[in-house]
Amino acid sequence: MARFLARRLVLMLLTVVAISVISFFIIILPPGDFVDRLVQEANQYGENLEPHEIEDLRRNYGLDRSAVEQYFVWVRNILLRGDFGYSFGWDLPVSELIGQRLGLTALLSVVTLLFVWIVAIPVGIYAAVRKYSLGDYVFTFLGFIGLAIPNFLLALVLLYISFRYFGQSVGGLFSPEYVNAPWTLARFADLLSHLWIPVIVLGTAGTAEIIRKIRANLLDELHRPYVLTARAKGLGETHLLLKYPVRHSLNPFVSELNDLFVKIVSGETIVAVVLGLQTTGPLLLEALKEEDLYLASTLIMFLSFLAVLGTLVSDLLLMLLDPKIRRQAASQEMM
Amino acid sequence: MTYAAHLSHSQLVIRRFLRHRLGIFGGVMTLLIYLVAAFVEFLAPHAPNTYQARDVYAPPQNVRWILDGPDGRRIQPHVFGLRSTTDYNTGQRVFEEDPERVIELGFLVRGDSYRFWGLVPANLHFVGPKDPGERVYFLGADRLGRDVLSRTIHATRVSMTIGLVGVGISLVLGIAIGGVSGYFGGIVDLAIQRLIEFLQSLPSIPLWIGLAAAIPPTTPPIRTYFFITAILSIIGWTGLARVVRGRFMALKDENFVKAALLDGNRPVRIIRRHMVPNFLSHIIAVVTLAIPGMIIAETSLSFLGIGLRPPVVSWGVLLQEAQNLRSIATAPWLFLPGAAVVVAVLSLNFLGDGLRDAADPYAN
Amino acid sequence: MRTDALLSLQGLTVSFRDRRRRSIALRDVGFDLPHAKTVAIVGESGCGKSLTARSILRILDTNATIDSGQVLFEGVNLAGTSEKSPVLRDIRGGRIGLIYQEPLTALSSFYTVGNQIMEAVRRHQDVTRKQARERALDLLHAVGMPNPAQRLDAYTFELSGGQQQRVMIAMALGPHPSLLIADEPTTALDVTTQAVILDLLQELQQSQGMSILFITHDLGVVSRMADEVVVMYLGEVVEHGTKADVLTTPRHPYTRALLASLPGRGQYRQATIQGTVPTLEERPAGCAFAPRCAFARPGLCDVQRPELVRSGGAHVRCHAFGDAASMFDLSLQPERPERTKTRESQRFGERILDLRSVSKTFEKREGLFGQRVREIKAVQDISLELRQGETLAIVGESGSGKTTLGQTIVGLHEATHGQVMFATDGLDRDITDLSAAEWRNVRQSIRMVFQDPFSSLNPRMTAFDIVAEPLRQRPGGPPPEPDLVTKVHELFRLVGLDPEMSGRYPHAFSGGQRQRIGVARALAPDPKVIIADEPVSALDVSVQAQVLNLLRDLQSSLGLSYIFISHDLNVVASLAHRVAVMYAGRIVELADTDEILDCPRHPYSEALLSAVLTPGRADQDSHLRLPGDPPDPSSLPRGCVFAERCAYATDACTHEVPEMRNLRGHLVACHHAEALVLHGLRNENLPESRPGPNS
């Protein structure tokens, strides 16, 4: 088991290295950098920077070195000093900018994941067991709609509805008075009262998808021989249903949990922009538009890392829940 | 079983598909949407970028059918012109209909001129005001006084084809890479599988916007269009590659493929004649189900302002107009392109579901 | 209803319905099951055997409903209770246990074996967890599970097929039921395992005084297990009587035909039943069997449905035993074809194939980056010859490597070691290292017929195109179109298919017809050798006989050589001239068919033969049961592959791989072959003419 874990961790480490490379080079390789952006801005104000001034700026920002060199400097600073670089745009260390936002993104993603599961599992089971009932049709219909509406559009519609009919803006994760306040119980309560809108927006597509899949899987499982065996044993229908086919049909979703989590983290970026959440999304978008190298790279890296962390968790869960994988892990130990 | 004795496999697939009502509905809708995309210039009452400053945020106009003219009543579709006043309490402009100004509507009228498919100069429109100088807003106007309906129709072409082209590129990559993976097996296969797993474990939207943000704003529209599809395909191919490889692997072990080898077939012919026809219907279904994802992705990127940019019109670009609460509160009809997205995605999903169920005509 | 009946079915009628129509699946089924006795239900697939079992327990799928009839069990009419009634639920599992085919899918892979057995016990008995666990342990002991204490915490995927079926049995017996329904419980198992499981069921029945309702398609198993036999056809009981009545003096033409179509020993053409079982939608008017019956009287049998009438000690649903009996002369036996040739007088031609030490090892990559390689030795050191006009059977149980060997000969796998010499046109050359172009030539001469007639035909091609494919792909280029059409139609006629049907797609053919298409495809390029891999194992008995006859006829008319791969010794006995017995990738014995059947020289051959069941041979030697399971091909034992399970093994066996030696006509790989006196099938026990064997 320990060896299984160790292998997973090694794999994750390799993945993180690959992620850091991708995150950095996605930003640095395309033409144009932060200094170009500054020059452009200066031009707009009618100032013209001399070539040597531009050189100096580049040197100050460290943008004069080769991409590979910059990457290694960045990584070295992260490893040695936990320094993720400097945000050109904000004039602040990256770590100061992203700390809380990253936490909120993680929180929002995890809460959304839980929401999806809590809603999708019972509804999926219901729709399968009561196949072709009114409820099944309603959920199927809602499911299709849920899948078809892009996240940001759903967010917009909710914004519009709450503004139009409740006369208030529901954007953000905090009420104005708490945005920059230190963490208190009251601030946390305020966060929770704002959280549900982004959770619904982020979770709808996933919920719809999982309901559809659970329904299809469970419908397959309901006619498997082991269900017949359980019924022939004289077990009651509900007990039997939950212990056997539901258990079997949910297993694949443990591994899909990761896909879902990746999608949520990914979708969060856009939803946060629309709803004006104080998470990583708007920051990332801004950073990308401004060619804010270290801020953008670090954000992409951490978001990817969050997703990879999800993979690890789902792998571990799968090992706990699936006897076949558990036994495989145990037998690797022996070899 | 004997009831379908003389039907071929494809006929069975079609038969089964025809029994899938939602699938048919989706198919018809999809067909209609692509027809719209093909004839946008003709179908839209106005050109996408012509505007009328006086009609900023003009609301949808009611179409009336009976006209009381000087020469008596007659059936003549028309709308009333709009008159705007500014409400001094709220500072908002209020539109009201002006019964005096009748704008007669007609089918196949002359209007804004365009080049059909970029080639044939024309000015015929399916429906519009009879007087080419007049404008009509069936579904309201936007911030600059452009017709929302016309713009939404025009956007169909870009949005619907970007999904198609994106999936096309993904499919080529997916078939090539998935095929290589399935054909060579062994280490190559393992390496490709790991690469796919890695790419799929990354959050796609941050990557997409990372890449899309690198497209300079000055890039010509055609090239932006190409870049965006390429960016979407970078991750899109992985799913298709998996399906292709999975099917390939499964079919490779089928006895009839082994039999084809023993019959003296060369590898290329085995793949072409014996394998491809057997997974084609599955691939078509998977491809159909992949298009909506592409459409949503394009829409999202353009909405954020880092995908396609004006003057290109796509549903995402149009929805940028609806980005802030103030504009959608004043002009909720700006959501129309959003509705178009939903309808298109739903139709493709229905169609794809139907195709997937029909792909295996022997299953129950 | 008899007074001693534990279970009594009366007029049970069950139908399926879908949106369009209703079709009757069980029609008026009635029989009694006495206390502590075994009643076997027998029939071909689609005859409603399993449906009967499910109707008794009321665990039908939602599209099936009981229309009328009674299922009386211990004073309760199960057919009259609600499916959710607590009485019914207590009887399910509590009073009636169920075991069935494919134990792997019948058990859940998410819970331990112990959990699933304990659940059954606790559902019906008021015991604590601890007591239930002890009871589960006792049960595993009782069903002969090795290491029961350990197995209690095992999952199904860690057990062999035989062990899984033992778990099913333990689970069914947990609450002491008075009736056990066994639905094809050994069909998915190898013969040697089947023998052990059947012993176990009989033992348990005697010790617990249970009744068993035994459902099977295998008449050999029936004669081994049953006291009474119910023969079903298309959802109807056509004959019912004691075992002796039904198997020795069968009355109904269907029962007669079924028995007659069993493979007999020694190169007979077998009797067959024409056609196949119709689908439920196509149920004939009148007698269900009439369209296939050799005795049917037009105007009566195809119009009026016969009643179940008494005849001697049995009941039979046939007009020939009712009021119209005078119209029939059942003494007319379907003519018994001549023995085509005797084996002794048979002269075979030149050697055509010669395998020299052929081995095939698969490499399986494991680990994240495929860094670990596991070797699976599927086939090891195989040497054999095939002569022109000869049938060489390769028998062995699942996993013995027989299929891999066949596929290696035709070049679907590349041999890891050894040579396959193929003699043709005066040349004798090794075909294992040919170029792709040369292979295409050889493939015209060595052809293959596959096991599964469903997956071996491309669903996208017409039967015509499938058969024409090898001609079109001929190395010399395709023949001109008119010649091609003539040739393909000729092939269709050769295998007994109407060329009119050649435009249809595979899905429009029945299993037997598909297998004929497979044979036609193999014959198309005028081959010399055909490798037939279990060509009849997926087919019903009556259809099986048709295909076996076809293979025999083709051999004598075309002079073909067959390598016939099979697990079924009855089929092998009827078709093969010589037999090679494989175990764990090696040939352990090779000799003439009669030699092996009557006086085997290898302990494994002996064990295999002792497990063979035919209606004429129900008394198996139970001391010859094989313990345990075959070894894992990725970690084979060092010495003799069979040593672990061999009753005669000594120290030497576990250390040294036995050489293949020639011992009075037997090639045998056993250290003790000279010293052992082994038992085979005694000739007198084999039915020379059927029906009417004496057991």
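A few points about this structure:
- Listed by position, the helices (runs of 4 or more DSSP H) contained in the range C:1-113 that have at least 2 residues being under 30 Å from C:LEU137 (Cβ atoms), facing chain A (nearest Cβ under 10 Å) and within 29 Å of the chain's Cα centre (by Cα) are C:49-57, C:103-106.
- The listed residue being modelled with pLDDT of 85 or more, within 14 Å of chain A (Cβ to nearest Cβ) and closer than 30 Å to A:ASP315 by Cα, out of B:LEU171, B:LEU190, B:LEU207, B:LEU195: B:LEU195
- Pick from the range C:179-204, criterion under 13 Å from C:ARG224 (Cα atoms) and of a type in the set (S, T, N, Q), ranking: surrounded by the most Cβ atoms within 10 Å (Cβ to Cβ): C:THR186
- Screening A:SER109, A:SER87, A:SER95, A:SER20 for residues that are hydroxyl-bearing (Ser, Thr, Tyr) and in contact with a strand residue (DSSP E or B) (Cβ under 8 Å, 6 or more places away or on another chain) leaves exactly one candidate, A:SER87.
- Screening C:GLN270, C:GLN304, C:GLN274 for residues that are closer than 18 Å to C:VAL547 by Cα and free of Cβ contacts under 8 Å to residues at least 40 places away in the same chain leaves exactly one candidate, C:GLN274.
- Subset of the range A:200-227 (residues that are farther than 27 Å from C:THR105 by Cβ and buried (at least 20 other Cβ atoms within 10 Å of the Cβ)): A:VAL201, A:LEU202, A:GLY203, A:THR204, A:ALA205, A:GLY206, A:THR207, A:ALA208
- Checked against the criterion of being more than 16 Å from the chain's Cα centre (by Cα) and farther than 16 Å from A:VAL110 by Cα, the range A:202-209 has at least one qualifying residue.
- Any hit, the range A:265-276, residues being modelled with pLDDT under 90 and away from chain B (no Cβ under 14 Å): no
- Flag for C:MET448 being at pLDDT 90 or above, of a type in the set (A, V, I, L, M) and surrounded by fewer than 23 Cβ atoms within 10 Å (Cβ to Cβ): no
- Single residue of the range C:1-51 satisfying the filter (of a type in the set (D, E, K, R) and touching a residue at least 40 places away in the same chain (Cβ under 8 Å)) that is surrounded by the most Cβ atoms within 10 Å (Cβ to Cβ): C:LYS49
- Hits in the range B:141-156 (condition: surrounded by fewer than 19 Cβ atoms within 10 Å (Cβ to Cβ) and either within 14 Å of chain C (Cβ to nearest Cβ) or part of a helix (DSSP H, G or I) (or both)): none
- Condition check for A:GLY146: within 14 Å of chain B (Cβ to nearest Cβ), crowded, with 18+ Cβ neighbours inside 10 Å, not charged (D, E, K, R) and not in a helix (DSSP H, G or I): no
- Looking at the range C:582-658, the helices (runs of 4 or more DSSP H) lying wholly inside it that each contain 2 or more residues that are within 30 Å of C:ALA257 (Cβ to Cβ) and either touching a His at 6+ places or on another chain (Cβ under 6 Å) or of a type in the set (A, V, I, L, M) (or both) sit at C:593-598, C:603-610.
- The listed residue being more than 14 Å from chain B (Cβ to nearest Cβ), under 30 Å from A:GLN278 (Cα atoms) and at pLDDT below 80, out of A:ALA42, A:ALA2: A:ALA42
- For A:TYR178, the conditions (1) under 24 Å from A:LEU113 (Cα atoms); (2) within 25 Å of the chain's Cα centre (by Cα) all hold with the exception of (1).
- For the range C:458-479, a residue qualifies if it is facing chain B (nearest Cβ under 10 Å) and either more than 24 Å from C:TRP439 (Cα to Cα) or out of contact with any helix residue (DSSP H, G or I) (no Cβ under 9 Å at 6 or more places or on another chain) (or both), and the qualifying residues are C:PRO459, C:ARG460, C:MET461, C:THR462.
- Verdict on B:TYR225 being away from chain A (no Cβ under 13 Å) and more than 23 Å from the chain's Cα centre (by Cα): no
- Here B:ALA213 meets the list (1) crowded, with 23+ Cβ neighbours inside 10 Å; (2) closer than 21 Å to C:TYR505 by Cβ almost entirely, failing just condition (2).
- Any hit, the range A:11-21, residues being modelled with pLDDT of 80 or more, farther than 23 Å from A:LEU299 by Cβ and assigned to a helix (DSSP H, G or I): yes
- The strands (runs of 3 or more DSSP E) found wholly in the range C:360-455 and carrying at least 3 residues that are touching a Lys or Arg at 6+ places or on another chain (Cβ under 9 Å) occupy C:372-387, C:391-395, C:417-424, C:446-449.
- Checked against the criterion of being under 22 Å from C:LEU558 (Cα atoms) and small (Gly, Ala, Ser), the range C:496-508 has at least one qualifying residue.
- Among (1) surrounded by fewer than 21 Cβ atoms within 10 Å (Cβ to Cβ); (2) modelled with pLDDT of 90 or more, the one test that C:LEU139 misses: (1)
- Residue check, A:VAL254 in a helix (DSSP H, G or I) and either at the interface with another protein chain (Cβ under 10 Å from one of its Cβ atoms) or among the small types (Gly, Ala, Ser) (or both): no
- Test: residue in the range C:191-207 that is within 14 Å of another protein chain (Cβ to nearest Cβ) and either touching a His at 6+ places or on another chain (Cβ under 9 Å) or touching a residue at least 40 places away in the same chain (Cβ under 8 Å) (or both): no
The values are calculated or read from the model by the stated rules, or taken from the named source; none is laboratory data. Everything quoted here is computed from the prediction, not taken from an experiment. A quick note on method: Cβ atoms are made from the backbone with ideal geometry, for glycine too, and the neighbour counts reach across all protein chains shown.
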